[in-house]
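Here the structure comes first, spelled out in structure tokens, and everything after it is commentary.
The values are calculated or read from the model by the stated rules, or taken from the named source; none is laboratory data. Please read all numbers here as calculations on a predicted model, not as lab measurements. Using ideal geometry, Cβ is built from the backbone for each residue, glycine included, and neighbour counts are taken over all protein chains shown.
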Amino acid sequence: MVTGKNSPEPRVTAFYAEVGCTRYRVALVKQSGADVYVWSWYDARGTLIFIDPGGRTRRVFREVVGGHRTLHAGGKGHSRIEMKVGSKHSKETLHEIPSWRDFEITIPLDSIPSEAPAHAPWREVTNKIVLRSVDFENAAGVNLIFCLATPGTMAMRERWDQSWILDGDRVIVIGAERIA
């Protein structure tokens, strides 16, 4: 369990994956008061297809290098992606979210993808969690599941291979399930 409720300073938990002797940056969770930010990264040649179920529009983003989800103190949030177009980076908000939705990202543990850039908030990290294949029965990867703490998500912890509770104004539960 990672604690720090009512801390005046933002808490930043970094997830790293380790393949062989090489450690790479995977995801960050920043808890700042009641605001929660989750950053994750994708392969530089990654493609993200965004479908808006309400408007039934389909958009394809190429050269996706990262993204984040934000949950603000008022309960609303947004998802944003970062793309590399030529030598420049651009960001685009995919959609506003009226409330938090649990989500997951896949982390390879048998190969090293492009990793997260080493810019802020990586310099603000207060807690580090390292994911290794050997800790997941030599799995090829893991799915990290990000949830707000509820009685239901606390009960789900039993089915996950590993889990962490990030205590703060908004408690986050993160589970890891191995991928064969």
Test each condition in (1) surrounded by 15 or more Cβ atoms within 10 Å (Cβ to Cβ); (2) farther than 27 Å from residue 70 by Cβ; (3) of a type outside the set (Lys, Arg) for residue 134 and report the one that comes out false.
(1)
Residues of the range 76-89 being surrounded by 12 or more Cβ atoms within 10 Å (Cβ to Cβ) and not aliphatic (A, V, I, L, M), which ones?
76, 77, 78, 79, 80, 82, 84, 89
Return the residues of the range 14-37 that are within 13 Å of the chain's Cα centre (by Cα), surrounded by fewer than 22 Cβ atoms within 10 Å (Cβ to Cβ) and either within 19 Å of residue 109 (Cβ to Cβ) or without any contact (Cβ under 8 Å) to a residue 12 or more places away in the chain (or both); say none if nothing qualifies.
14, 16, 25, 28
Of 123, 101, 69, 178, the only residue that is at pLDDT below 80 and either loosely packed, with under 13 Cβ neighbours inside 10 Å or in a strand (DSSP E or B) (or both) is 69
In the range 126-156, which residues are closer than 27 Å to residue 111 by Cα and part of a helix (DSSP H, G or I)?
133, 134, 135, 136
Out of the residues in the range 1-13 that are surrounded by 15 or more Cβ atoms within 10 Å (Cβ to Cβ) and assigned to a loop (DSSP other than H, G, I, E, B), which is modelled with the lowest pLDDT?
4
Which condition number in (1) touching a residue at least 40 places away in the same chain (Cβ under 8 Å); (2) assigned to a strand (DSSP E or B); (3) touching a Cys at 6+ places or on another chain (Cβ under 7 Å) is the one that residue 173 fails?
(1)
Residue by residue through the range 76-111, note down the ones that are under 18 Å from the mean Cα position of the chain (by Cα) and polar (S, T, N, Q).
79, 93, 99, 106
Sort out which residues of the range 166-177 are hydrophobic (A, V, I, L, M, F, W, C) and more than 14 Å from the chain's Cα centre (by Cα), and write them in order of number.
171
